[in-house]
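The values are calculated or read from the model by the stated rules, or taken from the named source; none is laboratory data. Source: prediction; values computed, not measured. So basically every Cβ, Gly included, is an ideal-geometry build from the backbone, and we count neighbours across all protein chains shown. Note: accessible area is taken over every heavy atom of the protein model, side chains too, but ligands, DNA and RNA are not part of it. Shrake-Rupley method; radii C 1.70, N 1.55, O 1.52, S 1.80 Å.
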Amino acid sequence: MLGDQTSAIQSARQALRIHRDAGAALEELKDLVTISEAAQSFSDTSLARSSLASARSLADRLAVPSARVEVALAEARLAMKGAAPRRVHEILRVASIDLSAIGAGAEWQAHDLAAEAWLALGHNDSAIAQARLAVASVERVRGRLSDGSQRSGFLAERLKAYARLIDALLLTGQPERAFAVADLMRGRALRDHLASSAGDAVSPGIGRLAGEDSLLRRISALEHRVEQFDADAVEGGIPSDGDARARLQAELEEARRAIGAWSRKKGQGRAESRILHMDILDPRLVQRNLALDEAVVSFAVTESKTHLFVVRRQTLSHFTLAIGERALAPRIRLARDLAARPRTGPDPPIFTALDSLLFTGARADGALRGVRHLILVPHGSLAYLPFAALREAGSGRYLAEMMVISIVPSAAALSELRRRPRQTDSLASVTVFAPEPDALPASRWEADAIRSRFGGARVHLASSATEAAVIRALSGQGIVHIASHATMNSANPLYSRIDLTVRSGSDTLEDGRLHVHEMLKLAVQSPLVFLSGCETGVGSAWSTAYRAGEDFTTLGLALLYAGAGAVVATLWPINDESAGVFALRFYTHLLQNSPAHALALAQRDFINDPRYRAPYHWAAYRLIGAQALSPTR
């Protein structure tokens, strides 16, 4: 008996040693593949081939399908870089059995490489077929991931499969289908991102899950403790206890993750807007919702190029911009940062350069002729570009002077957004919130000016500007105006927020902070929400290393998803005084115009006013929504 036990222990030890050796070999194989691909990027073909040869030898010794597939895909990428597309097909043919054995996780790469090779050989129909298989493989794997953040991250790294299909469709003269795939790509990233951000949020009609209240109270208490910890350290002039703060932060993040887990555990439905449910887009649906003087301009940014689609009532045009995300992002960051600075003197040339880069082709082709209302569908870093401040090289006019500009999250959302309620015939139903009239003196003036100009406006200052009051107003039929600080949370965008008043003795669930995750649970009925705050239209990607799919987490878009007819939001912190003046100009124009047109007219007023001419004062404002330009009465 003892001998049997000893033998079993020895066998187990040997199995463990073999397992460890195999694990080490797999890690070495992955390192060799990484070295090979790094060498490819520096055109060191000799090092790339030798590293792959060593990886192949390891894969043969391991006799594991996944190891052989990893090497085969690396060899196919090297062959593609070496302009040997037929060799790509041969490598993939030999690896086909192993690819079938390990499933869609690697299949999408194989199909994408095959599509790229067929394109190089001029076999466009075969390229389309393989590109469709690549997208289908991505969708299958994405659908099996249970967590929204996993799906968002997975898709962000695989958008090139969609980009390849767009290229193939355009090469075969199918711009309508290419446009549909581009919108599907954006819609997938949006839907998965919201699944992650909302934590599968509960519908307002269902109510909170058991235990969720206590979690929210804990989150609120921990947030206050972290902020008080930092405030005490600053006021005391002493270094903070890093370990203690880290423990608090870890507890806070764990509580935040638990909120999503509660909802998923009970399988409750999400309060997703219908704008997230459209998959395959028929361009004719977009066209039927457009007036003759309107155009949807949709961007699809890939690694090496940018596709621009212009959809008019009777036409659809496509233009290829010879700049991809890597080169575009720093230009947009520069433009945004320069526009966000108060200054005098002429505008930097970047505003004219970007206008020429993005719109010259469409203007020269006549695709934008006669357009008064430009409905933009940005993608990637373009979500952060102050389009209103772009200047046409010939005339020197700003885009905001030439056209009325609206922003929508996807072209597929247009028909749903056009069904949203519009504002009433008068502004008697405006409700204004200014929770910090002493810290932000101009917000008091802003509220009083709106009330003075429009007698029926209801104003909530200081203690009455509570979270509960704002939520009640959002659920009504009136316009809601919030003049307050907004805070972006780049680590967890779900907790980006608008700061309101904490009512003395109130439940910690009403903590004076209206977070994105709370907005997504609301049934917003307001036809227009004006967020007169700091960076209410900016997502988490602006303050982090940009990742595709992160251009959607904004306070403004959260309210749109929750049901608002339209939202005015900002791209950077606005001067307190000029924000009040701008709001008054906007509401004056809103008496006779749609929100988008009123915003454009207010921007033009500022452009013609020497005090506020700089884009800093007016170009940050953007209208998120798609209401038509026809007057309200």
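Of all residues in region 81-111, those satisfying the criterion of being within 17 Å of SER51 (Cβ to Cβ) and in a helix (DSSP H, G or I) are LYS81, ILE91. Within region 363-380, residues that are over 7 Å from ALA295 (Cβ atoms) and open to solvent by less than 20 Å² (accessible area, probe 1.4 Å) have Cβ atoms under 6 Å from residues that are of a type in the set (Asp, Glu) and at pLDDT 95 or above in these pairs: HIS373/GLU294, counting only partners at least 6 apart in sequence or on another chain. Restricting attention to region 52-70, the residues being under 16 Å from GLU107 (Cβ atoms) and of a type in the set (Lys, Arg) number 1.
Selection of region 586-610 for residues being outside any helix (DSSP H, G or I) and in contact (Cβ under 8 Å) with a residue 24 or more places away in the chain yields LEU591, GLN592, ASN593, SER594. Go through the residues of region 451-460 one by one and say whether even a single one is assigned to a helix (DSSP H, G or I) and under 19 Å from PRO595 (Cα atoms). So far as region 451-460 goes, yes, one or more of its residues are assigned to a helix (DSSP H, G or I) and under 19 Å from PRO595 (Cα atoms). Selection over region 182-211 of residues that are modelled with pLDDT of 60 or more and surrounded by fewer than 22 Cβ atoms within 10 Å (Cβ to Cβ) gives a count of 1. Which residue out of GLY539, GLY549, GLY505, GLY533 is modelled with pLDDT under 80, farther than 17 Å from THR487 by Cβ and buried (at least 20 other Cβ atoms within 10 Å of the Cβ)? Exactly one residue qualifies, and that residue is GLY549. Taking the criterion of being touching a strand residue (DSSP E or B) at 6+ places or on another chain (Cβ under 7 Å) and either at pLDDT below 95 or surrounded by fewer than 18 Cβ atoms within 10 Å (Cβ to Cβ) (or both), the only residue of region 599-620 that qualifies is ALA620. Pairs linking a residue in region 304-333 that is over 23 Å from VAL371 (Cβ atoms) and without any contact (Cβ under 8 Å) to a residue 24 or more places away in the chain to a residue that is in a strand (DSSP E or B) and open to solvent by 50 Å² or more (accessible area, probe 1.4 Å), with Cβ atoms under 9 Å and 6 or more positions apart or on different chains, are LYS305/THR320. What is the one condition in (1) modelled with pLDDT of 70 or more; (2) of a type in the set (Asp, Glu); (3) open to solvent by 30 Å² or more (accessible area, probe 1.4 Å) that GLU467 does not satisfy? Failed condition: (3).
Condition check: modelled with pLDDT of 85 or more and surrounded by 18 or more Cβ atoms within 10 Å (Cβ to Cβ). Does ARG77 satisfy that? Yes.
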